[in-house]
Amino acid sequence: MNPETKRQRERMCLMAAALAALAALIVWKLAGSATLCLVLRFAALLALVAYAWLRRSLTAWIFVAIFIGAEVGHDLPGFAAHLRVLALIFLRLIKTIIAPLLFATLVVGIAGHANLRQVSRLGLRSIIYFEIITTIALFLGLGAINLTKAGAGVQLPAITGNEANNISKLSAEDTILHAFPENIAKAVADNAVLQVVIFSLIFAIALAMIGEEKRRPLLKLCESLAETMFKFTNIVMLFAPIGVGAAVAYTVGSTGLDVLGGLAKLLLTYYAVIVVFVVCVLLPVAMLFRVPIRAFSRAVAEPVTIAFATTSSEAALPRAMEEMEALGVPRQIVAFVIPTGYSFNMDGGCLYLSVGAIFVAQVAGIHLSLGQQLMIMLTLMLTSKGIAGVSRGSLVVLMATAASIGLPSAPLFLLLGVDPLMDMGRTAVNVLGNCLASVIMAKWEGEFQAEQPSPVVVEAASS
């Protein structure tokens, strides 16, 4: 098929989908026929499927799977509950990739170049960048929730003992200890990304310090392991549309739309501040470092979509690493910056924490002075570094912050109802911010597009 003809047909399919969806919205608003509304929604989905078929892109199929999953979850919530197993299969397959991929890429990147000074410089620059961006995110969320006052007038729910028992408080000692592995096999089994990164860094430094004769065989092994795991990722990603669609169907089917009523203002506040953060913070930073915006947007679309649909940063990690390497970020920078950012550069998580903390005070009817709010932000700057790898991390951090400044914990349970919906945006922004950080670090080091990416990675990115 002629490329221009193909593009025209793709545009026609998207236009047909948009018109059908608009017609379904009009019919629903006018309280017309439910059957007609259903037919129009299915027509929109069929047009999207036709678009994906013409596009023949994994990203397009994942995009379409989100809408199909939402429709299944809305129309068949009972059936959607059983689809969770497909989403869990996808997540489990992805998790098997993470530890060997991180280990192999970090060892090759550090020991292969044997430039330990660059590692320390990259680490310092990354931490400085992470701290600046996450601090901006915290204060942006603070401003947004003070502007909308989404918690004012919201009624508190009844709290059961089971809910309270499921959340444990976070101590400073546990947060620090969580970063260091006591058993690498346990770290791999628990999928503790930061622990795997620290072990891999120390292992790579030790390998770089031994003689060439002893170092070379292990480096060759790690190089082969890295290439194999990237190919493994490509195979698993073929299952991504099914896993993503199932995850969305389960989320919509189990959460429903009723929860949107009382907390709609909170959701709108949160997603509005996400848009502002991306447009007014991440975009100017990208332009400042002369990041190729269009190429970066294409590269990041698939991992961000996966993160949004599955609410799992880990699910997007292997693909994010592939896409950034294909974009021109050296493997050693990708392997260091993105996994480290999963603990220190939680942009979406920081937006959520600042919005959630002030929301708690507003629901409880407690007026906080500017000084008290700044103290909350300072506390969150420190405690937010412990989110990664902690069960219900964001809620645990919010509870610890609330307890430290005397806020009641009861309003926190309001957030449980909409947490799956907020988690979608939170996770997507985390992945987007970490991908951008890897490009910026490569630019800062003067190594962006300085070397050719692996053919396996290029093949994956072009699929």
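The values are calculated or read from the model by the stated rules, or taken from the named source; none is laboratory data. These figures come from a predicted structure and were not determined experimentally. Quick reminder, even Gly has a Cβ in these numbers, built from the backbone with ideal geometry, and neighbours come from all protein chains shown. Quick note on the areas: whole protein, heavy atoms, side chains included, nothing else; ligands and nucleic acids left out. Shrake-Rupley method; radii C 1.70, N 1.55, O 1.52, S 1.80 Å.
General remarks:
- To the nearest 10, the accessible area of residue 369 is 50 Å² with a 1.4 Å probe.
- Debye, to nearest 20: dipole size of the range 178-220, +1 on Lys, Arg Cβ, -1 on Asp, Glu Cβ: 180
- Accessible area of residue 7 in the full protein assembly, 1.4 Å probe (Å², nearest 10): 110
- For the range 261-336, the relative contact order works out to 20 percent when only alpha carbon pairs closer than 8 Å and six or more residues apart are counted.
- Per residue, the average separation of C-alpha pairs within less than 8 Å and at least 6 apart gives the range 299-345 a relative contact order of 33 percent.
- When the range 1-89 is described by a simple charge dipole with +1 on each Lys and Arg Cβ and -1 on each Asp and Glu Cβ, the residue from 21, 82, 58 located farthest towards its positive end is 58.
- Once all protein chains are placed together, residue 85 keeps about 80 Å² accessible to a 1.4 angstrom probe.
- In a DSSP loop and with at most 13 other Cβ atoms within 10 Å, there are no chymotrypsin sites (Phe, Trp or Tyr not before Pro) in the range 207-307.
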